[in-house]
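What follows is a single structure, written as structure tokens, with notes after it.
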């Protein structure tokens, strides 16, 4: 797959999906049209099919629907709007897919990033704390906790999990995936009662600091509408629009 800027926004996400397959013995396939990952039986962000090149073809849409229909199949179908034909989303919806979450793919040039200082409230999380980390992350997003996916990813030495601690408890999370020269940011979350204190910004600055140390030259993420302003203030720029769908 050619590493365009659009691809770079999801490169780390695909790496985490691949890790989840390798760690669980799940099936995956990466071709020019789509990357498909089958790993966890439960609804999981990293069990997904990402479309890169969609022909305007009913048979192709039916094939995508079939891939996402079995109990062990990908739970999420995603695509970068700028990489597919106009009207692809409506065609997907006509085959039974429902929009779950829109995001914006963003990139940041690490070669021009400031040298941020370490923050004493932030520390790396080990396997013994992944259950708490997962619950904190889920509460921040308003989702159900699913620590199994992170426990698998924690086996890989290119993943760093951060916790932000205040009042004797974990109140913020971040996950850095070192995907070659591309530092992927995931699961930036703050508990509702602790928002507005710059916790997400500090977690990002710590990740930037560690990514530069690791030799990464670019940082990527998929931003929600709530996270986008934080990332823009740090210097991230919007590259594309990502849409995540589920089977209806």
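The values are calculated or read from the model by the stated rules, or taken from the named source; none is laboratory data. In this text the structure is predicted, and so the values were computed from the model without any measurement. Reconstructed Cβ throughout: ideal geometry from the backbone, glycine too, with neighbour counts over all protein chains shown.
Some observations on this one:
- Residue among 83, 66 that is outside the structural domain of residue 147 (by TED's automatic domain parsing) and in contact with a strand residue (DSSP E or B) (Cβ under 9 Å, 6 or more places away or on another chain): 83
- Test: residue in the stretch 85-102 that is assigned to a loop (DSSP other than H, G, I, E, B) and either modelled with pLDDT under 95 or closer than 26 Å to residue 218 by Cβ (or both): yes
- Residue that is surrounded by the most Cβ atoms within 10 Å (Cβ to Cβ), among those in the stretch 113-129 that are assigned to a helix (DSSP H, G or I) and touching a residue at least 12 places away in the same chain (Cβ under 8 Å): 129
- Single residue of 217, 132, 173 found to be farther than 26 Å from residue 4 by Cα and surrounded by fewer than 18 Cβ atoms within 10 Å (Cβ to Cβ): 132
- Breaking point among (1) out of contact with any strand residue (DSSP E or B) (no Cβ under 9 Å at 6 or more places or on another chain); (2) in the same structural domain as residue 147 (by TED's automatic domain parsing); (3) at pLDDT 95 or above, for residue 118: (3)
- Selection within the stretch 175-184: residues that are in a strand (DSSP E or B) and free of Cβ contacts under 8 Å to residues at least 40 places away in the same chain. The member of this set that is nearest to residue 226 (Cα to Cα) is 175.
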